[in-house]
Protein chains: 2
Amino acid sequence: MKLIYFNGEVRAELIRLVLVQGGIEFEDFRFEFKDWPKIKAEGGFPFTQVPVLEVNGQKICQSRAIARYAARLAGLAGKNLEEEALADMYVSAIDDDVLENFWKCAYFEQDPEKKAELQKKFKEETVPKFLRNLDRLYESSGGDYLLGNSLTYADLAYYRMIKTVSGLVGDVSSDRLKSLYQRVAALPKIAHWEETKPKPAF
Amino acid sequence: MKLIYFNGEVRAELIRLVLVQGGIEFEDFRFEFKDWPKIKAEGGFPFTQVPVLEVNGQKICQSRAIARYAARLAGLAGKNLEEEALADMYVSAIDDDVLENFWKCAYFEQDPEKKAELQKKFKEETVPKFLRNLDRLYESSGGDYLLGNSLTYADLAYYRMIKTVSGLVGDVSSDRLKSLYQRVAALPKIAHWEETKPKPAF
């Protein structure tokens, strides 16, 4: 299979982490922004967006649909329908409630005053509120991972989120959530990926 | 199971349609905006958001995670992992590329000039571009439904999207997509739901 995305992490890195942790071979096809018009014209992409995963001649887009598909192939989606729904819930909440706000306040907002205001809200309200909820849910799972005793792609999404936002918000996780981060970071395949992955343009 | 949401359709109606079409009994618990602080305080909701689906003592939030879970229970998620990924792709694209922009330009933007500008873009660019892609994909599926010959929750999401946006954008689907809409609208359980559903506050 072939993962097609910019030479960046934003909407593709969780997919890469899931494939890496699952030991699933994939072509990590990256291209530069300047080549997007050409790639797009040739690509036959479902909604003219990337990331796209090409698999068995089929092109799948929408980053969360791809990440979930990869997680199911990798055995990282949860052990039954309820667990899978909960893992999806975590990944969606991380994306919608945290990361989408992060891209906005870190990159997309151009007005310096508005940007500062959005960043303040993100640091002081959005992230702490989210992590309080996450910490409570993690505690109640009673295991090493968000869903209990098995690693799922929700844990990878949490790890990825902290890597993304910590430069802006600092060290804000509880000790319990820090241990989750460290547990994921110490997974041999993930650690190896972080050491050897291509340097992204963004 | 119990679906908890405002007395509205926005982020819960696709879930309801999936449960209805799947013949899955559920308590359609609705509350008014003024009662949200009380409901929230008592709810023990994962991320203090609704919709929430209570099932087997578990509370699941994030509308797409719930819709997918319901679709899998209902046999409306696709017949294999690839089909499930494609159905997820359609549902995510409909939500992110169309409906999120609709809520913004129809409700959230308060400045009249900006609102008019956003609505113009939504009508003249966002929706036509999306429907062109969808029509091409539907044509290539070669069947009565977006994924070929079996109804999935992607078809319900398309139907729901058109019901939502057509008041603003008018009658813009291709004849082929109109037939899909009509095919979904004519499903006896869906038609019965539309006739008998509670009148929403929004």
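The values are calculated or read from the model by the stated rules, or taken from the named source; none is laboratory data. Please read all numbers here as calculations on a predicted model, not as lab measurements. Glycine gets a Cβ as well: all are built from the backbone with ideal geometry, and neighbour counts include every protein chain shown.
When region A:102-131 is filtered for residues that are in contact with a Leu (Cβ under 8 Å, 6 or more places away or on another chain) and part of a helix (DSSP H, G or I), the ones remaining, listed by number, are A:F102, A:K104, A:C105, A:A106, A:Q119, A:F122, A:K123, A:L131.
Within region B:33-55, the residues that satisfy the criterion of being more than 26 Å from B:D96 (Cα to Cα) and in contact (Cβ under 8 Å) with a residue 24 or more places away in the chain are B:I39, B:G43, B:V55.
Taking the listed residues A:R16, A:R68, the one that is within 9 Å of another protein chain (Cβ to nearest Cβ), of a type in the set (K, R) and in a helix (DSSP H, G or I) is A:R68, with no other qualifying. A:S173 meets all of the listed conditions (1) over 21 Å from A:I15 (Cβ atoms); (2) in contact (Cβ under 8 Å) with a residue 24 or more places away in the chain; (3) assigned to a helix (DSSP H, G or I) but one, namely (3). B:L81 passes every criterion in (1) buried (at least 21 other Cβ atoms within 10 Å of the Cβ); (2) touching a Lys or Arg at 6+ places or on another chain (Cβ under 6 Å) apart from (1).
Residues checked against (1) without any contact (Cβ under 8 Å) to a residue 60 or more places away in the chain; (2) crowded, with 16+ Cβ neighbours inside 10 Å; (3) within 14 Å of chain B (Cβ to nearest Cβ):
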residue	(1), (2), (3)
A:E109	yes, yes, no
A:K114	yes, no, no
A:E117	yes, no, no
A:K120	yes, no, no
A:E125	yes, no, yes
A:F130	yes, yes, yes
A:N133	yes, yes, yes
A:Y138	yes, yes, yes
A:G143	yes, no, no
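When A:S179, A:S150, A:S166 are checked against the criterion of being in a helix (DSSP H, G or I), outside the structural domain of A:R11 (by TED's automatic domain parsing), hydroxyl-bearing (S, T, Y) and surrounded by 14 or more Cβ atoms within 10 Å (Cβ to Cβ), a single residue qualifies: A:S166. Within region A:25-59, the set of residues being facing another protein chain (nearest Cβ under 10 Å), part of a strand (DSSP E or B) and surrounded by fewer than 22 Cβ atoms within 10 Å (Cβ to Cβ) comprises A:V55, A:Q58, A:K59. Evaluating B:D88 against the criteria (1) assigned by TED's automatic domain parsing to the domain that holds B:L19; (2) in a helix (DSSP H, G or I); (3) charged (D, E, K, R) leaves one unmet condition, (1). Mind listing whichever residues of region A:44-101 are at positive phi and more than 15 Å from the chain's Cα centre (by Cα)? Listed by number, the residues that qualify are A:G44, A:T48, A:N56, A:G57, A:G75, A:G78. Name the residues in region A:132-175 that are under 19 Å from the mean Cα position of the chain (by Cα), over 23 Å from A:A85 (Cβ atoms) and not hydrophobic (A, V, I, L, M, F, W, C), would you? Hits for region A:132-175 are A:K163, A:T164, A:S166, A:G167, A:G170, A:D171, A:S173.
Scanning region B:75-107 for residues that are within 14 Å of another protein chain (Cβ to nearest Cβ) and of a type in the set (F, W, Y) yields B:Y90, B:W103.
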